[in-house]
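Quick notes on the structure that follows.
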Amino acid sequence: MRSADKGDGLTRRQAIKGSLAGLAVGGAMTVPLAGAQAQPFGAEQLAVAERILRREVDSGTVPGIAWSIGTTKEILAEGAVGLRIVSPATPMGPATRCALASVSKQFTAACVYMLRDQGKLSLDAPLAEYLPSYRYAGKMTLRQVLGMSSGISSDTDACEAAVAGRIDEEALIENLNRVELEFAPGAHFAYSNCAYDIAGAVVAKLSGMPFAHFVEEHIFKPLAMTSTYQLGTRSDSDFAEGYAPNGKDWTAAPVSAADKIFASGNLASNTVDMQRWNRAVLDATLLPRKSQEEMFVVTPLSSGAKMNYASGWFVEHGGPIWHGGALAGYGTTNMLVPATGHAIVMLGNTAPGTRWKPWEVAREIYNEAKLGPPLPQFMPIIRTTLPQKQ
């Protein structure tokens, strides 16, 4: 299903649109990892979290939510509210798996950094050294691809369309070879699933194995993330069905064939595994600390336009790093606060929009539970910094 690619809410595997006016980034933004020790989580804080989450489900915003709050050492609290299957009514559980949607991008970026650290690529070399079949690869770098400043098309439907019945990396490149760049690489930002699909293709080519195999061997297995996998690669009896609102009811909204294939949003996980990942990020136990912190650098644009996207993460001034995700039937977020060592995961089974905004729910829980100094409202995010034609 592709209808979620359009409109004013979250696009498929994308973030909410808005305005970046007033965001001042004089140089490269970066978030140093901190060794902060989070304070114990009490009964009153748990009650606050459960009240907020119950409100979301009871108001009909989302069928079900699995959630967890963790630190650099442990899971402080976890749970689930609502339904993973609407009919027959089947409750969401703390271990229920959901499609991660664009939260997958942080894993894709980490895979690229791993290959860089293994000496198999340079983030600043022309992409053509690794993907010469893409006609514009000589004009951009992998760093620009990961930072969404490459100019690669933001039209997900077009780049992920089947070619002669095939939906794969060769079809992706064939499709992109027919489309002009949206701007000169490095000049602007445009949220592009196609760019992260290209990053996944690079991982597969340079590692000599499918992306799903590489991420399994180099991230999931080392971190014991046994409930995390590429969509469509296993049968899962505790997977949340995706839904789209239909008046006061819900209509099934399953993942598409492309959702299962491309690295911009093709992973499924649960909140327990996501906290294993978050601990590895906050403690820099998987990537070297220097590489981990480099992933959180927001590189300035040559046009002077402002944005806050790093490599698979949105970076807030003095606050959290996070990413939201949207498929037609799933809305998710993963939010880290390095200053206090907290991590909050929200997995819901309907797409974000004007009501269900999992990243805002995560921020609200953090603030209302008083996990640390209050987090200000997240910087609004636009689809592109490219001036729009009138």
*Just to be sure, is MET274 under 16 Å from LYS105 (Cα atoms) and buried (at least 24 other Cβ atoms within 10 Å of the Cβ)?*
yes
*Does LYS290 satisfy the condition of being without any contact (Cβ under 8 Å) to a residue 40 or more places away in the chain and either assigned to a loop (DSSP other than H, G, I, E, B) or surrounded by fewer than 19 Cβ atoms within 10 Å (Cβ to Cβ) (or both)?*
yes
*Any helices (runs of 4 or more DSSP H) falling wholly within region 80-175 and containing at least 3 residues that are of a type in the set (A, V, I, L, M, F, W, C)*: 105-117, 142-146
_Complete set of residues in region 190-245 that are closer than 18 Å to ALA101 by Cβ and among the small types (Gly, Ala, Ser)_ = SER192, ALA195, ALA199, GLY200, ALA212, SER227, GLY232, ALA240, GLY242, ALA244
*Pull up region 365-384, narrow it to residues that are touching a His at 6+ places or on another chain (Cβ under 8 Å) and assigned to a loop (DSSP other than H, G, I, E, B), then point me to the one that is surrounded by the most Cβ atoms within 10 Å (Cβ to Cβ).*
LEU371
*Within region 311-318, can one find any residue that is more than 23 Å from ILE75 (Cβ to Cβ), buried (at least 24 other Cβ atoms within 10 Å of the Cβ) and touching a helix residue (DSSP H, G or I) at 6+ places or on another chain (Cβ under 6 Å)?*
yes
*Return yes when VAL361 is under 19 Å from the mean Cα position of the chain (by Cα), of a type in the set (Val, Ile, Thr) and in a helix (DSSP H, G or I) and no when it is not.*
yes
*asked:* If I filter region 325-337 for residues that are in a helix (DSSP H, G or I) and among the aromatic types (Phe, Trp, Tyr), do I get at least one hit?
replied: no
*Scanning for something under 18 Å from VAL103 (Cβ atoms), in contact with a Lys or Arg (Cβ under 8 Å, 6 or more places away or on another chain) and at pLDDT 95 or above, does region 289-308 turn up at least one residue?*
no
*Are there any pairs, at least 6 apart or on different chains, whose C-beta atoms fall under 8 Å, with the first in region 96-116 and farther than 22 Å from ALA326 by Cβ and in contact (Cβ under 8 Å) with a residue 40 or more places away in the chain and the second small (Gly, Ala, Ser) and buried (at least 24 other Cβ atoms within 10 Å of the Cβ), and if so, which?*
VAL112/ALA199; VAL112/SER311; TYR113/SER311
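The values are calculated or read from the model by the stated rules, or taken from the named source; none is laboratory data. What you are looking at is a predicted structure, and each value in this text was computed from that prediction instead of being measured. Here Cβ is always computed from backbone atoms with ideal geometry, including for glycine, and neighbour counts include all displayed protein chains.
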